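Worksheet for the structure shown next.
The values are calculated or read from the model by the stated rules, or taken from the named source; none is laboratory data. Everything numeric here is computed off the predicted structure, so don't read it as measured data. Note that each Cβ is placed from the backbone with ideal geometry, even for glycine, and that neighbours are counted across all protein chains shown. Remember, those area values only see protein heavy atoms, side chains included, never the ligands or the DNA or RNA. Shrake-Rupley method; radii C 1.70, N 1.55, O 1.52, S 1.80 Å.
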Amino acid sequence: VAERGAGPVGFRQKGGPFWTKFPGSTSGQSRASVEIAGKGHTHYQWSDEERTRRACEWLREKSTFSERPFAAVIGYVLPHCPFVAPKELFDYYYDKTEIPEIEDNQPATITRYRKMRGILEPPLPPERIRVARAAYYGLCEYIDSLIGKVLDTLDETGLSKDTVVIYTSDHGEQAGEHGCWWKSNYYEGSAGVPMIMRWPGVIEPGTVSRNVCNLMDLGPSLAEIAGTSFPYEVDGHSLLRIMTEGDDPDWVDETTSELADFRGGYFPSRMIRSGPWKLWVYGDDENLPPALFNLDDDPNEKNDLAFDPQYDDIRTMLLEKVYAGWDPKEVITKSKLQWNYFDLLAKWGKSVEPDAPYAMVYPSDEYESDVELL
């Protein structure tokens with residue numbers, strides 16, 4: 001399936017301009033992406049429609065010319081900001097959208113997060129929050145409809161009977177919860193991603209598992225589904241038993257998540273989730289304290305227990321685990337090296353301008369002509 005970014009780093013975008021009605025900052029982690037929102041059609045929507053069309057076309061062809069097993073990936077953008085949704089969906093959600101309450105006492109790392117992104121002071125006006133959230137909900141339903149077209153195509157072609165479908169993402173969207181937006185911290189709205197699977201005749205519809213897992217578990221899972229395994233050691237573990245039985249008594253209910261991007265101002269940080277417990281810590285010169293939550297008792301993460309003496313043992317145990325094999329200074333050094341590689345490739349791409357045959361050719365600005373910023 002053709003992709004917007006299906007080309008070398010630094011290659012020229014094909015077709016019309018990417019944004020025509022709003023600045024590029026509305027697609028990033030900045031205050032502008034909440035303040036500039038509304039309804040209409042954007043090139044993000046166009047690109048996901050195009051991905052869906054080409055994927056369905058490929059599946060129809062696949063069903064007629066080959067019985068060989070296949071693996072296909074559709075890389076959607078939505079429901080990513082800019083928060084601009086089709087008019088009918090925006091209008092549907094606008095009156096149903098609530099403004100989240102923000103707890104008074106937040107971890108120091110979250111206060112810094114909001115300050116760095118310009119959403120702490122002054123506070124975002126309630127109407128800006130309502131508009132952005134309504135558009136976000138509309139985009140969620142919109143992408144659901146596109147995925148539905150793919151599932152319908154699998155059903156129509158007969159491929160669904162022996163095809164495993166997995167829907168997941170790289171991060172969540174906080175949409176104003178805790179006064180936060182976007183990604184890049186460890187609240188559930190950001191670090192918790194969807195993982196929905198369909199496997200007719202194997203996974204019982206409606207099955208739900210509360211096991212703690214990680215995106216790294218997908219590789220071993222797909223390998224075992226295919227009847228093979230990796231010839232080398234990997235960090236993930238197969239979810240097949242959980243998928244088929246709903247539980248795995250041998251499952252280690254623990255995982256970690258990390259973030260480091262010194263250019264974006266994201267200090268090296270790490271989170272551990274162990275059963276109901278979640279702890280995160282940032283490794284930087286400010287030495288901000290860790291945060292600790294019990295998700296069974298406090299699923300909305302409103303009560304930071306890091307300073308509660310009755311949980312000293314749990315905090316100490318989780319800190320030892322989260323720092324095992326993790327050195328923030330080493331992370332910064334390696335991140336800088338990776339960015340140097342990226343810069344070198346970008347310069348090469350801009351200089352050579354190699355062909356990118358699978359890159360999408362964006363339409364003219366007429367596609368975004370109905371955008372109405374509110």
Give segment 214-231 a look and list any residue that's part of a loop (DSSP other than H, G, I, E, B) and either open to solvent by 50 Å² or more (accessible area, probe 1.4 Å) or farther than 30 Å from residue 174 by Cβ (or both), or say none.
226, 227, 228, 229, 230, 231
If I ask for residues that are open to solvent by less than 50 Å² (accessible area, probe 1.4 Å) and in a loop (DSSP other than H, G, I, E, B), which ones from segment 179-199 would you list?
180, 181, 182, 184, 185, 186, 187, 192, 193, 194, 199
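One line per residue, one yes/no per condition, for (1) among the hydroxyl-bearing types (Ser, Thr, Tyr); (2) modelled with pLDDT under 90:
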{"site": "178", "(1), (2)": "no, no"}
{"site": "189", "(1), (2)": "no, no"}
{"site": "200", "(1), (2)": "no, no"}
{"site": "210", "(1), (2)": "no, yes"}
{"site": "220", "(1), (2)": "no, no"}
{"site": "225", "(1), (2)": "no, no"}
{"site": "229", "(1), (2)": "yes, yes"}
Farther than 30 Å from residue 161 by Cα, basic (Lys, Arg) and either under 18 Å from the mean Cα position of the chain (by Cα) or open to solvent by 70 Å² or more (accessible area, probe 1.4 Å) (or both) - does that describe any residue in segment 269-276?
yes
Condition check: free of Cβ contacts under 8 Å to residues at least 12 places away in the same chain and either assigned to a loop (DSSP other than H, G, I, E, B) or more than 30 Å from residue 87 (Cβ to Cβ) (or both). Does residue 370 satisfy that?
no
Cβ-Cβ below 8 Å, separation at least six or inter-chain, first residue in segment 19-35 and free of Cβ contacts under 8 Å to residues at least 40 places away in the same chain and assigned to a loop (DSSP other than H, G, I, E, B), second of a type in the set (A, V, I, L, M) and open to solvent by 30 Å² or more (accessible area, probe 1.4 Å): which pairs?
23/36
Filtering segment 62-102 for residues that are over 23 Å from residue 183 (Cα atoms), hydrophobic (A, V, I, L, M, F, W, C) and at pLDDT 95 or above leaves a count of 1
Tell me which of these residue 139 doesn't satisfy, since it passes every other one: (1) open to solvent by 40 Å² or more (accessible area, probe 1.4 Å); (2) within 16 Å of residue 44 (Cα to Cα).
(1)
Tell me the residue from 172, 158, 176 that is in contact with a Pro (Cβ under 7 Å, 6 or more places away or on another chain) and either touching a residue at least 60 places away in the same chain (Cβ under 8 Å) or surrounded by fewer than 19 Cβ atoms within 10 Å (Cβ to Cβ) (or both), please.
176
Selection from segment 141-173 of residues that are outside any loop (DSSP other than H, G, I, E, B), out of contact with any strand residue (DSSP E or B) (no Cβ under 9 Å at 6 or more places or on another chain), closer than 23 Å to residue 39 by Cβ and not β-branched (Val, Ile, Thr):
144, 145, 146, 148, 149
Can you find a residue in segment 286-301 that is in contact with a strand residue (DSSP E or B) (Cβ under 9 Å, 6 or more places away or on another chain) and farther than 18 Å from residue 187 by Cβ?
yes
I need the full set of residues from segment 233-258 which are open to solvent by 90 Å² or more (accessible area, probe 1.4 Å) and under 25 Å from residue 272 (Cβ atoms), in order please.
233, 235, 237, 241, 249, 250, 252, 258
Mind checking which residues of segment 38-65 are among the small types (Gly, Ala, Ser), under 30 Å from residue 132 (Cα atoms) and in a helix (DSSP H, G or I)?
47, 55
Please indicate, with yes or no, whether at least one residue in segment 83-90 is surrounded by fewer than 17 Cβ atoms within 10 Å (Cβ to Cβ), in contact (Cβ under 8 Å) with a residue 12 or more places away in the chain and outside any loop (DSSP other than H, G, I, E, B).
yes
Show the residue pairs meeting these rules: Cβ distance below 7 Å; 6+ apart or different chains; first residue within segment 265-285 and without any contact (Cβ under 8 Å) to a residue 24 or more places away in the chain; second residue of a type outside the set (A, V, I, L, M) and in a loop (DSSP other than H, G, I, E, B).
276/296
